[in-house]
Structure formats: structure tokens, C-alpha cells
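*Asks:* This is the structure, below, for whatever I ask next.
The values are calculated or read from the model by the stated rules, or taken from the named source; none is laboratory data. Not measured: the values here are computed from a predicted model. For neighbour counting, all protein chains shown are included, and Cβ atoms are generated from backbone atoms with ideal geometry for every residue, glycine included. For accessibility, only protein heavy atoms count, side chains too; no ligands or nucleic acids. Shrake-Rupley method; radii C 1.70, N 1.55, O 1.52, S 1.80 Å.
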Amino acid sequence: MAGLLGSSSSTLFASRPLSSSSPKLSSFAISTKPGQLNWRKFYGGIGIPVKKSRSQLQFSISNVATEINSTETAPRVATESQRPVYPFAAIVGQDEMKLCLLLNVIDPKIGGVMIMGDRGTGKSTTVRSLVDLLPEIKVVTGDPFNSDPEDPELMGVEVREKALNGEDLAVMLTKINMVDLPLGATEDRVCGTIDIEKALTEGIKAFEPGLLAKANRGILYVDEVNLLDDHLVDVLLDSAASGWNTVEREGISISHPARFILIGSGNPEEGELRPQLLDRFGMHAQVGTVKDAELRVKIVEERARFDKNPKDFRETYKEEQKKLTDQITSARSNLSAVETDHDLRVKISKVCAELNVDGLRGDIVTNRAAKALASLKGRDKVTPEDIATVIPNCLRHRLRKDPMESIDSGLLVIEKFYEVFS
């Protein structure tokens with residue numbers, strides 16, 4: 001890992017506490033006239049029929065984005081009320097998992113990462129420590145879907161209509177969101193819900209966005225993902241495949257963008273993941289228990305220091321966290337300039353074909369991950385070494401399972417890689 005990320009993995013890393021958010025309501029109205037049936041168009045031709053009525057139908061949407069003045073940057077000063085996060089730079093070992101997470105931050109189109117391993121190996125701690133390293137993005141001020149002011153495909157309905165009408169959009173900078181999806185979450189909490197009570201008592205149909213709206217252009221983290229209910233798995237599959245979430249209640253259909261990096265973690269002893277969901281994760285990291293006694297002692301001591309005084313502990317890693325944040329920011333900005341030779345792309349596809357990988361998602365993810373790694377190293381060209389580093393994580397979980405096979409699937413990928421690239 002030290003060779004991959006620089007002279008030392010401890011030379012890379014940054015801390016920025018999350019800013020607090022202040023909810024605000026935004027609403028839009030649909031006017032009606034007697035004897036007419038009006039339709040308010042939404043994304044993909046989805047609309048709301050409005051029948052004869054004296055009143056107006058209103059949709060109030062509670063804001064989940066951080067709101068600040070469009071000309072100012074939100075202060076990022078840690079307060080004592082905030083929950084302290086273990087620094088990413090302080091995590092010892094688990095280089096494979098850390099690299100997969102960093103590559104997904106650099107290029108979200110890789111498609112997320114699935115982390116499977118023994119209990120107590122720091123899976124959840126590592127994922128949650130990623131929040132300090134997340135870069136800032138431009139969002140439309142006051143929009144509950146974190147709409148991109150420059151990309152219509154990543155805009156909510158209201159913002160998209162304003163952009164089409166030529167209205168100026170107030171823009172602000174905010175950190176990429178990390179949203180936790182609890183195992184006990186209901187479908188309404190995940191997708192969003194329409195308040196029928198308000199419709200009956202006040203004549204207002206209020207739509208409250210769910211976790212998928214909050215996770216748009218951010219990270220959706222599911223701990224113990226292999227224990228997630230099947231109906232929630234189906235919801236995640238639909239949103240991950242289309243990049244949009246559709247809510248249909250009482251004859252009303254509303255769609256909003258829901259493009260997120262899906263990160264899941266789990267213990268294989270508690271059950272396997274459905275193949276359909278497993279394939280949606282761009283990369284797969286295998287985490288094992290540290291066997292070296294000296295390294296185990298170091299991990300225990302570092303954790304004890306953090307528990308004793310989190311603020312002082314985080315301060316000791318502040319410089320390393322800053323270096324890594326700068327490296328990630330630079331890699332994100334230079335990613336589009338990285339190129340992969342045609343013969344390397346052909347060899348990647350040959351490896352996938354000879355391993356009988358279903359579909360083309362493996363080819364796409366391997367190419368993206370190799371480019372992200374090259375950009376992280378500060379280069380503008382992908383090398384075979386970059387591909388060798390990432391290809392086991394991109395293809396391991398896509399191989400067909402053989403119950404009689406004792407060798408690890410990652411080793412099978414490496415063997416095939418050297419056979420093709422030699």
C-alpha cells in the first residue's frame with residue numbers, strides 16, 4: 001500500500017469535520033382551472049393529474065442539504081458536540097480496503113465497494129473515517145436532492161425547470177454526504193413518502209424525501225448489508241441501475257435523481273449476498289484479521305489513545321490527513337487526462353472473457369479503477385502494474401462460484417492476469 005499511495009501510507013491523509021445542516025422548506029404549486037385536467041410533467045414523462053378544484057395542490061419538500069450563503073463557504077470547525085471520527089490515516093493495515101475506498105472517492109463511477117471480512121477487523125470504522133477525506137462539490141442552495149447546477153441529469157424536478165426557464169441558480173459548496181442506511185429502515189424512509197394526512201386535512205400533498213434523496217451525489221453506506229431485507233435490496237438495485245428513484249403513492253408519481261456510491265460491509269459467516277446485488281458493487285475488498293503480534297499491539301494502543309482523548313489523537317494526524325485530502329483533490333481534477341493504451345484495454349477484456357465473467361461491468365470497472373489509481377499516483381497513463389493492483393478487487397466477486405474450488409477467487413484472477421499480460 002505504501003508503494004501504491006506514495007513513499008509511505010502515512011504521508012497522505014486529511015481532516016475536515018462535517019458542517020452542520022439547517023433544514024428548510026421549499027415548495028412548488030400546481031394551479032388548476034375549472035373544467036380542465038392539468039398535468040405537471042416530471043422526469044421521464046411522469047406526471048401528476050390534477051382534477052377540478054378550487055384550491056391548489058402544493059408539494060412541500062423538506063431540505064436535507066446544508067444551507068449556507070451562496071457567496072460564502074460553510075465553516076468547518078469541529079465542535080465538541082460532534083461525534084469524533086477515527087482518522088483514516090491512523091488505521092493500521094487493511095491496505096486493500098483503504099485503496100478501494102480511495103479509488104471510489106476519486107471516481108464515483110467505479111460503482112462502490114463491498115467489504116467482507118471477519119468481525120472486529122475495522123470495516124465500519126474505516127468506512128466512517130472516510131468522511132474527513134470527502135471533497136466539496138457544488139450544489140444548488142436549498143435543494144433537497146443535492147442537485148448539480150451544471151448537469152441536468154443530476155437535477156431535481158424543481159431545479160431542472162428553473163434551469164430550463166433560464167433562471168439563475170444559487171450555488172454553494174458542501175461536502176459529499178455519507179448516509180447510513182440502517183437495517184431496520186422502512187421502504188418509506190429509504191425512498192421517501194407522501195403525507196396523506198396533510199392531503200386530507202389541509203388539501204396539501206407533501207412529499208418528504210428519503211435517504212436515497214439525501215445520498216444523491218454522495219455515499220450510501222449499508223453495514224451488515226448481507227442481512228438487509230429483500231425488499232430493500234430490490235429498492236437499492238432499482239436505484240443503482242437507473243440512477244433515479246421513483247415514488248408512487250395514491251396516483252401520484254415523483255422521480256428524483258439518486259446516484260450514489262454504494263458501500264456495503266458484512267461478515268460472510270452471517271450469510272451470503274444475493275448475486276444481483278453483489279454485481280452492483282464496483283469493487284470487492286476482502287478483509288482478514290491481523291496475525292502479526294506487534295501490529296496487533298500497535299492497533300490496540302492507538303485505539304486506547306483515541307478513546308482516552310479523541311481531540312488530541314485527531315490533532316496528531318491532522319497533517320497526514322491534510323496531505324491525503326490534497327492528493328485526492330488533485331487526483332479527481334486530473335482524472336480526465338489519464339489515458340489507457342488500446343492493447344491494455346484489450347488484455348483486460350481478454351482476462352474477463354477467459355474467466356467467464358458475466359456481462360461487461362467487470363471490463364468497465366477495471367478500466368475505471370486503473371485510471372483512478374494512476375491519477376492517485378500522479379501519472380497520466382495507466383501501466384500494467386496499476387491493472388494488476390486493482391483487477392482482483394474488480395473481478396473477484398463476479399466469478400461463478402464453484403463449490404469444489406478451494407483456491408481464493410482473487411488468486412484465480414491474478415493467475416489469469418499474468419497468463420494474459422506475460
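*Asks:* Mind ranking 313-319, 98-104 by how tightly packed they are, going by the mean number of other C-beta atoms within 10 angstrom, highest first?
*Replies:* 98-104, 313-319
*Asks:* If the reach is capped at under 19 angstrom between alpha carbons, list the aspartates and glutamates near Lys175, excluding any in the same chain fewer than eight residues apart.
*Replies:* Counting by Cα, and skipping residues close in sequence, Lys175 has these aspartates and glutamates nearby: Glu67, Glu72, Asp107, Asp132, Glu136, Asp143, Asp148, Glu150, Asp151, Asp326.
*Asks:* Considering only protein heavy atoms, with the full assembly of protein chains and a 1.4 angstrom probe, order Thr141, Thr366, Thr329 by accessible area, largest first.
*Replies:* Descending accessible area places them as Thr329, Thr141, Thr366.
*Asks:* Counting heavy atoms of the protein chains only and a 1.4 Å probe, report the per residue accessible area for region 274-422 as a whole number of Å².
*Replies:* 57
*Asks:* Report, as a whole number in µm² per second, the diffusion coefficient that Stokes-Einstein gives for region 78-172 at 10 °C and 1.306 mPa s using the Kirkwood radius over alpha carbon pairs.
*Replies:* In µm²/s, the coefficient is 98.
*Asks:* Roll a 1.4 angstrom probe over the protein heavy atoms and tell me the percent of accessible area of region 96-139 that is carbon or sulfur.
*Replies:* Carbon and sulfur atoms account for 48 percent of the accessible area of region 96-139.
*Asks:* Give the accessible surface of region 146-200 per residue, rounded to a whole number of Å², with probe radius 1.4 Å and ligands, DNA and RNA excluded.
*Replies:* That works out to 51 Å² per residue.
*Asks:* By average Cβ neighbour count within 10 Å, what is the ranking of 219-226, 409-416 from highest down?
*Replies:* Per-residue Cβ counts within 10 Å, averaged per peptide and sorted highest first, yield 219-226, 409-416.
*Asks:* Straight-line reach from Lys291: which aspartates and glutamates have Cα under 14 Å away, leaving out those fewer than 8 places along the same chain?
*Replies:* Partners within reach: Asp118.
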